[in-house]
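This report refers to the structure that appears directly beneath it.
The values are calculated or read from the model by the stated rules, or taken from the named source; none is laboratory data. What you see is a predicted model; the values in this text were computed from it and never measured. Every residue, glycine among them, receives a Cβ derived from its backbone with ideal geometry; neighbour counts consider all protein chains shown. Surface accessibility is based on the protein's heavy atoms, side chains included, excluding ligands, DNA and RNA. Shrake-Rupley method; radii C 1.70, N 1.55, O 1.52, S 1.80 Å.
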Amino acid sequence: MRLDAFKLCRGRRRPLALKTGGIGVWNHVLHVVTVIAILTNCSLMALTSSQFSWLANEIGTLGVFALAIGWEHFMLLVKYIMQLTVSRMPQTVQDEIRRKKYDQERKRYMQLRLKKRNSSYGTTEKKKSSITSSKKSPSAVKKDEQVMDCCEITKSTRSVACPPIEEASSNMSGS
């Protein structure tokens, strides 16, 4: 009894669904089935319908057969025109896919711009600090770094202009 319960609960479970882009090979199968359905329905209509019996007396059996083939070709033409004109995906779904793709590209672009901006600030800060550290004492370098940090903050917020770096340098050289 437990073995049967184990098989039902663990062994015979439905497989997990996988996301796909469409119905795959079944699209081709449906196409073939519709063509066969058109052929079958047109031939059954020509051979068994009482409406075509009077026509068979007028134009003959060969004429009815030719009419059935003509009607079948017309129906296949209608099927192919409908297949070409009707979209595989509704317009709302296409719009949603385009919107998501645009949002993803915009987010990626903004991240790249932010990353580039941060890396450019980091490299200029390193260059400035290496230049100032070779000429000044450690306390002067620390004050200059604070001024540069202030500049970076105000540049990113676009508020007040930075205090000039020369003031900090002139104060240090005077003491």
If you check every pair at least six apart or on different chains, which have Cβ atoms under 8 Å apart with a residue in the stretch 11-37 that is closer than 22 Å to M82 by Cβ and modelled with pLDDT under 80 first and a residue that is open to solvent by 60 Å² or more (accessible area, probe 1.4 Å) and of a type outside the set (A, V, I, L, M, F, W, C) second? G22/R88
Looking only at the stretch 24-50, filter to residues that are more than 23 Å from A66 (Cα to Cα) and not in a helix (DSSP H, G or I); which one of those is least open to solvent (accessible area, probe 1.4 Å)? G24
For G21, all conditions in the list (1) surrounded by 12 or more Cβ atoms within 10 Å (Cβ to Cβ); (2) outside any helix (DSSP H, G or I); (3) of a type outside the set (A, V, I, L, M) hold save one; what is the number of the exception? (1)
Which fully enclosed helices (runs of 4 or more DSSP H) of the stretch 66-175 have 3 or more residues being at pLDDT 55 or above? 91-135, 138-157
